[in-house]
Amino acid sequence: MTVAALFEPLMIALILTNLALLVTSRTGVLIRLIALQGALLAFAPLFPVANLPAHLALLCLAVFTIKAVAFPYLLSRTLRRIDADSRIEPYLGGGLSAAAGIGGLLFSLWLENRLPVPPGLFAPLLFPAALTTIFTGLILVVTRKNALTQVIGYLAAENGIFLFGAPLSRQGSVWLELSILLDVFVGVFVMGIAIHHINKTFESIDVGRFCTLRD
Amino acid sequence: MAALSVIRLLATLALAPLLFSVINRVKAAFAGRQGKRLSQPYRDLAKLARKGAVYSQTTTWVFRAAPVVSLAAIVAALALVPLGPPGSAPSFTGDFILVVYLLALARCAVVLAALDTGSSFEGMGASREAAFSALAEPALFLCFLILDASTHRSNLGVMLSGTALSSAAPELALVPITLFIVLLAENARIPVDDPNTHLELTMIHEVMILDHCGPDLAFIQYGAALKLWLFCAILTGAVLPPLGRGPWLDFALAVAGIFACAALVGVVESVMARLRLPRVPKLLALACSCAAIALILTLWR
């Protein structure tokens, strides 16, 4: 099996991690799944090129370190510290979320034929996988009450955007990708602190309680 | 070809109860026990067949007809499922739809019989069985549609000739996974239901047949063995490509694959606990979602 033959299984694995993100009901599992997605994502920029340039290897390594190791560590540390209920309380249940995710996949397959992208830019399945990941992130942000889950949704959406950029990364956008990665890292770091404060102020990380805020 | 089909069906009818022995032996090996004799399911069936039947005064002809109807429907479905190429003799375009509905007919008969007893427990079991199978059936249908879409033939003989793994499309690897979850759910195995439990609050399939006894129970138990064989045959057919060295070798390979499936069921039962009842629909919904994604990607190609 050639390296290129592994690309489609990778994209399908990414789509399946999206499905798993949508149906899981435990924050701990969600953190592990986003780590898995990050690890899978680290291999995505490798595929369009035959020989591996050094800057691309650096990007893959950075993605793996930050998305598969650092984020899960930060998130699980936050989860442990705030001692929150590890069950996820959704506005939209697992089944409906999964249906919404499948709807997102259908929409992205439809959109792929409609967008005027240069032919050959996106490898097969890359566009639907990337757009589905963004949709998954949006669904997680919109339909979950828990602040930590919303951070994970934001990360999933960022994973999708990164996947969109993966075919372009050999055209010199590696430094841009790296700087975005740094921004996201700082973002998650800050959100960890913010969640800690939310937990202290509201005695919960349920964002529904923000409505009780009065001055 | 007709002779081959008859021999396949006879072998199925003879070997199906042995699947329970294989599952039992695998579980015993995991638990460090010796396990039952391999012939034990046959002895149980013979013992039940010798006994007389007792019928409650509440029950009507529906209760008496159910074991026969369900067994007949399952045997008819088995006649359509091939064991290696070429397809079974009565094969025709769209036969997979008939197989799914014959299974539904078998289930419907048992559910009606359970309701016919007037027992609240059996009504509860019937309700659960109906709810869970209503979720498992779309997953099975979606799997058949995927195989249909990837082979462009609506014929079980072609669809079940190792399509899922011999093709280059990676999304087809989701088919065996979904089929295995459907197998576990439809045959009341762990993690969906435990066939050995007799606690009414958590039983699904077993609670429906509490009022059956003697030959009726033997019919239902034998039907359960045949149904397990049928699902193992579908899974094996979807995964194992034909060897191309004549139908007899493919037949032997399919039978070996079916027993391997049973061993896999035994492994799953040994290493997993049962799911809580509210989580079962989630598992089945996940199976449906996986199958839906695979179908979408198959049609997209």
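Confirm whether B:Ala3 is assigned to a helix (DSSP H, G or I) and surrounded by fewer than 13 Cβ atoms within 10 Å (Cβ to Cβ).
Spelling it out, B:Ala3 is indeed assigned to a helix (DSSP H, G or I) and surrounded by fewer than 13 Cβ atoms within 10 Å (Cβ to Cβ).
Regarding B:His212, is this residue touching a residue at least 60 places away in the same chain (Cβ under 8 Å), under 16 Å from B:Arg128 (Cβ atoms), surrounded by 21 or more Cβ atoms within 10 Å (Cβ to Cβ) and touching a helix residue (DSSP H, G or I) at 6+ places or on another chain (Cβ under 9 Å)?
So B:His212 does not fit the description; no.
Which residue, of B:Ala28, B:Ala79, B:Ala16, is in contact (Cβ under 8 Å) with a residue 60 or more places away in the chain and either more than 19 Å from the chain's Cα centre (by Cα) or farther than 21 Å from B:Pro215 by Cβ (or both)?
Of the residues listed, the single one that is in contact (Cβ under 8 Å) with a residue 60 or more places away in the chain and either more than 19 Å from the chain's Cα centre (by Cα) or farther than 21 Å from B:Pro215 by Cβ (or both) is B:Ala79.
Go through region A:64-100 and report how many residues are small (Gly, Ala, Ser), closer than 16 Å to A:Arg32 by Cβ and modelled with pLDDT of 80 or more.
3
From B:Leu210, B:Leu201, B:Leu183, which residue is of a type in the set (A, V, I, L, M, F, W, C) and closer than 22 Å to B:Val268 by Cβ?
B:Leu183
Scan region B:131-170 for residues that are small (Gly, Ala, Ser) and on the phi > 0 side of the Ramachandran plot and jot them down.
B:Gly162
Take region A:14-40 and flag every residue that is facing another protein chain (nearest Cβ under 9 Å) and among the aliphatic types (A, V, I, L, M).
Passing the criteria: A:Ile15, A:Leu16, A:Leu19, A:Ala20, A:Leu22, A:Val23.
Which residue is modelled with the lowest pLDDT, if the candidates are limited to region A:158-173 and must be surrounded by fewer than 20 Cβ atoms within 10 Å (Cβ to Cβ) and part of a helix (DSSP H, G or I)?
A:Arg170
I'd like to know if region A:115-137 contains one or more residues that are at positive phi, assigned to a loop (DSSP other than H, G, I, E, B) and within 14 Å of chain B (Cβ to nearest Cβ).
yes
Considering B:Arg107, B:Arg8, B:Arg64, which residue is of a type in the set (D, E, K, R) and surrounded by fewer than 20 Cβ atoms within 10 Å (Cβ to Cβ)?
B:Arg64
Any residue at all in region A:53-69 that is buried (at least 18 other Cβ atoms within 10 Å of the Cβ), over 16 Å from the mean Cα position of the chain (by Cα) and not in a helix (DSSP H, G or I)?
No: region A:53-69 contains no residue that is buried (at least 18 other Cβ atoms within 10 Å of the Cβ), over 16 Å from the mean Cα position of the chain (by Cα) and not in a helix (DSSP H, G or I).
(1) surrounded by fewer than 22 Cβ atoms within 10 Å (Cβ to Cβ); (2) within 14 Å of chain A (Cβ to nearest Cβ); (3) in contact (Cβ under 8 Å) with a residue 12 or more places away in the chain: which one isn't true of B:Ala291, the others all being true?
(1)
Among B:Ala252, B:Ala173, B:Ala185, B:Ala168, which is buried (at least 20 other Cβ atoms within 10 Å of the Cβ) and either within 14 Å of chain A (Cβ to nearest Cβ) or part of a helix (DSSP H, G or I) (or both)?
Answer to the selection: B:Ala185.
Scanning for something surrounded by fewer than 23 Cβ atoms within 10 Å (Cβ to Cβ) and within 26 Å of A:Glu203 (Cα to Cα), does region A:104-126 turn up at least one residue?
Scanning region A:104-126, I find no residue that is surrounded by fewer than 23 Cβ atoms within 10 Å (Cβ to Cβ) and within 26 Å of A:Glu203 (Cα to Cα), so the answer is no.
Can you tell me which residue within region B:271-286, out of those that are more than 14 Å from chain A (Cβ to nearest Cβ) and outside any loop (DSSP other than H, G, I, E, B), is surrounded by the fewest Cβ atoms within 10 Å (Cβ to Cβ)?
B:Val271
Only one of these is out of contact with any Ser or Thr (no Cβ under 8 Å at 6 or more places or on another chain) and among the acidic types (Asp, Glu): B:Glu206, B:Glu186, B:Glu200. Name it.
Residue meeting the stated conditions: B:Glu200.
Based on what the data block shows, is B:Arg245 among the basic types (Lys, Arg) and either within 11 Å of another protein chain (Cβ to nearest Cβ) or under 20 Å from the mean Cα position of the chain (by Cα) (or both)?
no
I'd like to verify a number: residues in region B:217-246 that are surrounded by fewer than 24 Cβ atoms within 10 Å (Cβ to Cβ) and among the charged types (D, E, K, R), how many?
Matching residues across region B:217-246 total 1.
The values are calculated or read from the model by the stated rules, or taken from the named source; none is laboratory data. Since the structure is predicted, the reported quantities are computational estimates derived from the model, not experimental observations. Note that each Cβ is placed from the backbone with ideal geometry, even for glycine, and that neighbours are counted across all protein chains shown.
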